[in-house]
Amino acid sequence: MNITYIVLFGLAALVHLYASFTKNKTLRAISKPILMPALLAFYLSNATSPSIYVVFALIFSWLGDLFLIPKGIKYFTFGGISFMIS
């Protein structure tokens, strides 16, 4: 099962890179929220004793990514705060 998560992460990363290269905002907005949860799932399925700090860092990084999708200073601020916490 753990290989599934890294494959999902790899595919989402490739789609996200393609969307970034072609400046496809819709596809980027779809692929961006998949990256961190897939990485977190891979970490949790492979770590013998997962670190709560790594888990929280990945969760807050994911929140930071989500906050940076919409435009606006409020979202940018929340995204920055989420990344600082992570």
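Per residue, the chain exposes 68 Å² of solvent-accessible protein surface, assessed with a 1.4 angstrom probe and all protein chains in place.
Percent of accessible area on the chain owned by carbon and sulfur, 1.4 Å probe? Before the final figure, lay out each step's value.
Values: 4430 of 5890 Å².
Its accessible area is 75 percent carbon and sulfur atoms.
With contacts taken as Cα pairs under 8 Å at a separation of at least 6 residues, the chain carries a relative contact order of 26 percent. The label point for Ile3 and the one for Ser51, both projected 7 Å from the Cα toward the Cβ, are 2.8 nm apart. With helices as the sole contributors, the chain gives -28500 deg cm²/dmol at 222 nm; each DSSP H run of n ≥ 4 counts as -39500 (n - 2.57), and the sum is divided by every residue. Here the extension length gained between Leu14 and Ile69 equals 18.0 nm, from 0.36 nm per residue of separation less the Cα-Cα distance.
For the chain, what percent of Cα pairs sit more than 20 Å apart? Display every interim value, and only then the final one.
Values: 1452 of 3655 pairs.
So the portion of pairs separated by more than 20 Å is 40 percent.
Across the range 14-27, rounded Karplus estimates of 3J(HN,Hα) from the backbone phi angles (6.51 cos²θ - 1.76 cosθ + 1.60, θ = phi - 60°) give 5, 5, 5, 5, 4, 5, 5, 5, 8, 6, 8, 5, 5, 5 Hz, Gly and Pro being marked x.
The values are calculated or read from the model by the stated rules, or taken from the named source; none is laboratory data. Remember, predicted model here, so these are calculated numbers, not experimental data. Cβ atoms come from the backbone with ideal geometry, glycine included; neighbour counts cover every protein chain shown. Side chains included, ligands, DNA and RNA excluded: accessible areas come from the protein's heavy atoms. Shrake-Rupley method; radii C 1.70, N 1.55, O 1.52, S 1.80 Å.
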